[in-house]
Amino acid sequence: MQVVRVWPGKTFGGIYLAHYESGSTLAYSELIVFSALVRAGGKIGGWVSRIYVDSAESLAGGREIWGLPKELAVFKWDRERITVLQGETTLASANSKSGNTSFPIRANLPAFGFKNGQVLHFSGSCRGRISRARAHWNIPPESPLSELGLGLGWAFHLSEIDVSVPAPQHIILRS
């Protein structure tokens, strides 16, 4: 796998925080960290380096189907503040407020997983509404996320979202 540079010495990454409610396949919360944009086997996508969920079913499915490194965590949602904990360790917390104006969005969300030594690629599709948001993230030094050195970026709020992620494809890497 090769990191895709979008600017000299820079790649694209991000944090995705979601709460899926009734009407979804599963009702749960998740925090996904995309550490880099990468290329492998002629495909491009986000490298999911960390992913936390509060559902044993989501954990099992993510590992078994998509080869994602899911771990269990606790999510505390309090109006505009979200805190994600694993045991006694705060992984991350965020204060956020979405903008008032939203626009329709359709996007593909390609990513990679790894299972049994195999590279997996999948590309989910998403549609919904998007608005700019203000977000302030706090990642304590004891959090495993602190080593990623996540910098400043943009924040968006997605609503009325419908995400579909088909089964992954096995990618053959050439030496």
Please determine, by comparing only the residues of the range 86-136 that are out of contact with any strand residue (DSSP E or B) (no Cβ under 8 Å at 6 or more places or on another chain) and surrounded by fewer than 14 Cβ atoms within 10 Å (Cβ to Cβ), which one is nearest to L37 (Cα to Cα).
G117
Which condition does W154 not pass, out of (1) farther than 23 Å from P69 by Cβ; (2) surrounded by 15 or more Cβ atoms within 10 Å (Cβ to Cβ), if it passes all the others?
(2)
Residue, nearest to I51 (Cα to Cα), within the range 92-148, restricted to residues that are of a type outside the set (A, V, I, L, M, F, W, C) and in contact with a helix residue (DSSP H, G or I) (Cβ under 9 Å, 6 or more places away or on another chain):
G113
List the number of the failed condition for W77; all other conditions in (1) more than 23 Å from E21 (Cα to Cα); (2) loosely packed, with under 13 Cβ neighbours inside 10 Å hold.
(1)
Looking only at the range 1-46, count every residue that is farther than 14 Å from P110 by Cα and in contact with a strand residue (DSSP E or B) (Cβ under 8 Å, 6 or more places away or on another chain) and tell me the total.
16
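Report whether or not R127 is basic (K, R), in a strand (DSSP E or B) and more than 25 Å from A167 (Cα to Cα).
Numbers: basic (K, R): yes; in a strand (DSSP E or B): yes; more than 25 Å from A167 (Cα to Cα): no.
No.
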With the checklist (1) surrounded by 14 or more Cβ atoms within 10 Å (Cβ to Cβ); (2) over 15 Å from the mean Cα position of the chain (by Cα) in hand, flag the one item L145 doesn't pass.
(2)
R50, sole failed condition from (1) outside any strand (DSSP E or B); (2) in contact with a helix residue (DSSP H, G or I) (Cβ under 9 Å, 6 or more places away or on another chain)
(1)
Just one of L68, L26 is assigned to a loop (DSSP other than H, G, I, E, B), in contact (Cβ under 8 Å) with a residue 12 or more places away in the chain and buried (at least 16 other Cβ atoms within 10 Å of the Cβ); which is it?
L68
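Go through the residues of the range 38-54 one by one and say whether even a single one is more than 18 Å from F114 (Cβ to Cβ) and either free of Cβ contacts under 8 Å to residues at least 60 places away in the same chain or touching a Pro at 6+ places or on another chain (Cβ under 8 Å) (or both).
Yes; the residues of the range 38-54 include at least one that is more than 18 Å from F114 (Cβ to Cβ) and either free of Cβ contacts under 8 Å to residues at least 60 places away in the same chain or touching a Pro at 6+ places or on another chain (Cβ under 8 Å) (or both).
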Going by what's in this entry, would F156 be described as touching a strand residue (DSSP E or B) at 6+ places or on another chain (Cβ under 9 Å), modelled with pLDDT of 90 or more and of a type in the set (F, W, Y)?
no
Assuming E71 fulfils every condition listed in (1) of a type in the set (D, E); (2) over 23 Å from Q169 (Cβ atoms); (3) at pLDDT below 95; (4) under 17 Å from the mean Cα position of the chain (by Cα) apart from one, which condition is it?
(3)
Among T83, T90, T101, the single one that is outside any strand (DSSP E or B) and among the β-branched types (V, I, T) is T101
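The values are calculated or read from the model by the stated rules, or taken from the named source; none is laboratory data. All figures in this text were calculated on a predicted structure; none of them were measured in a lab. Methodologically, a virtual Cβ is constructed for each residue, glycine included, from the backbone with ideal geometry; neighbour enumeration extends over all protein chains shown.
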